[in-house]
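Report on the structure given below.
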Amino acid sequence: MRRLLFLPLLFACYTISTAQTLQENFKRNVSTLASDRFEGREASTPADTLSAKYIAAEFAKIKGVQLLGDNGLQQVVYKDKKSIQSASMKVGRKALTLNESFIPAVASTSGDFSGETIFLGFGAADDYTNQSLEGKYILVTEGVKKGTKSMSINDKALLAIKANAAGLIVIEDAKKVSKKDVTRPTLTPASDKSLFIAKVNSKVGAQLKKGASFTASVQTHMAEKHTHNVVARLNALKENNPDGKTVVIGAHYDHMGYEMIDGEKVICRGADDNASGIATIIEFARRYAQLVPAMQRDIIFIAFGAEEKGLKGSAYYASNPLDSLSNCVGMVNFDMTGRMRAKGITIRGLGSAHQAIPMFSLLPNKDALDIVWEMRGAGPTDYSSFYKKGVPAFSFSTRLHSDYHTPRDTEEEVNYEGMEMMFNYVTNLINRLVIETVQLTVKPDRQ
Ligand SMILES: [Zn+2]
């Protein structure tokens, strides 16, 4: 009798203490990665390397987990955003001074350009009516007609592309051109078409309007940058997994670094995005290190670099895996798991495997999480890099919020109880993959 009375009590105590430890561990890692020392973890900065080493050291503390690569680090090489390498421009015979009389837009195509221009007012959609501008250089003034919707140079360039123009020259109403609106390599959709894009000052603008011809040359380039993925492995017993099948559990560790606000450098800490995801995968490593005898598949844990630069780390890993992706039966990703509100979570990648819907519909949902299912295969974070290589892949998030990509994404705002609910929910999925060896077959994306 006595035993019966005490057992539930003991069990309750165990559960509470485990929960506290889990949340404490989440908090320790999130607050460390979001602290001043890590400077917002922008890819290819010293703080980026510091973050990667910190995460590798956290994995190394877990008994049974081995670091792959160079002490857990896989070198990642990626192309950075486009920038202008060199540019020159002449109007008539006179060479213009770069950044004074003219400035090319980063979105411009590389090449040599020459001709006369056709003036098209503000270059708004109306101005294109009944004009044949194919192969022409369009000259426009900055801004828009009073009372109409504002337009960036990019908006104007998209109209010029639509008209199959060869170039767009924007007159800035100033003696000296500014960098405003020309430093971002945007230009979608249809940006596979080439277009010369530059701004000129008011004096040059007046000459072009009068019919002066110009020549210009622009070279853009994308710098090669380096960062890391952190890769760690937890093996099942050889007899349980003779073929060396793997499950990848990943999350990106990088964030945005500093942002200039009112002339001051402010850290974007990325506590939710994505220190929370990293803290989650480290706890999965700790959890499964206790369950090795039950595991039927090895787990590879990856903290991806340079996600914010365009999924660079995960794309690099998917092309240069440290264990062949033909062994990989599934990928589980976490991106922003720290801001649960009203028990809401989003699960992406339902369309990545034929068995995904029946499998998820049988998963227990003990905390009654309010789940939004994204039915597409691919989506805007690292799991897509694996899906593109034929691996069924899912991603978990506690959803976007108004502090996303701002300095307000701080540790104080993280909901650790919510992180634990997410952790518990996904544990059931990982159990299916790692312990019960559910077979998934990849499904092509709908689009
Ligand atoms: Zn993210």
*Report the FRET efficiency, 1/(1 + (r/R0)^6), for Thr437 and Asp367, where r is their Cβ-Cβ distance and R0 is 25 Å, rounded to 0.05.*
0.45
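Among 292-301, 78-87, what's the highest-first ranking by average C-beta atoms within 10 angstrom per residue? Show your work: numbers first, answer last.
Details: 292-301: 19.6, 78-87: 15.4.
Ranked by mean Cβ neighbours within 10 Å, highest first: 292-301, 78-87.
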_Taking θ = phi - 60°, what integer Hz values does the Karplus form 6.51 cos²θ - 1.76 cosθ + 1.60 yield along the range 169-184, in sequence order, with x for Gly and Pro?_
10, 10, 8, 8, 7, 7, 6, 10, 6, 10, 7, 4, 6, 10, 9, 9
*So how many Lys-Lys pairs in the range 198-351 land under 26 Å Cα to Cα, not counting same-chain pairs under 8 apart?*
8
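Could you tell me the calculated FRET efficiency between His226 and Lys146, based on Cβ-Cβ distance and R0 = 51 angstrom, to the nearest 0.05? Don't jump to the answer; show the numbers that get you there.
Working: r = 49 Å, r/R0 = 0.96.
So, using R0 = 51 Å, E works out to roughly 0.55.
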_In the chain, if the dipole is taken from +1 on Lys/Arg beta carbons and -1 on Asp/Glu beta carbons about the Cα centre, which of Ile347, His221, Ser88 is farthest to the positive end?_
Ser88
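Quick check: from the Cα gyration tensor, does the range 93-212 come out rounded (a/c under 1.5), prolate or oblate? Write down the numbers at each step before the final one.
Working: a/c = 1.24, a/b = 1.19, b/c = 1.04.
Verdict is rounded for the range 93-212.
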*If you take the square roots of the eigenvalues of the alpha-carbon gyration tensor of the chain and sort them as a ≥ b ≥ c, do you get rounded (a/c under 1.5), prolate (a/b over b/c) or oblate?*
prolate
_Relative contact order %, the chain, counting alpha carbon pairs below 8 Å whose residues are six or more apart_ = 19
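Beta carbons within 10 angstrom, averaged per residue: use that to sort the peptides 363-375, 195-207, 52-64, highest first.
Working: 363-375: 13.5, 195-207: 21.2, 52-64: 18.1.
Packing proxy ranking, top to bottom: 195-207, 52-64, 363-375.
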*Among 280-288, 32-40, the order from most to least packed when residues are scored by Cβ within 10 Å on average*: 280-288, 32-40
*If the limit is 22 Å between Cα atoms, which of Lys156/Lys193; Lys146/Lys180; Lys61/Lys366 go over it?*
Lys61/Lys366
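Which of Glu42, Glu24 has the fewest other C-beta atoms within 10 Å, and how do the rest follow up to the most?
Details: Glu42 23, Glu24 11.
By the 10 Å Cβ count, ascending, the order reads Glu24, Glu42.
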*Lys90: which aspartates and glutamates have alpha carbons under 15 Å from its alpha carbon, excluding same-chain residues fewer than 8 sequence positions away?*
Glu100, Asp112, Glu116
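Bear in mind that the values in this text are calculations on the coordinates, not laboratory data. Predicted model only: the values in this text are computed from it and were never measured. All Cβ positions, even for glycine, are placed from backbone atoms using ideal geometry, and neighbour counts span all protein chains on display.
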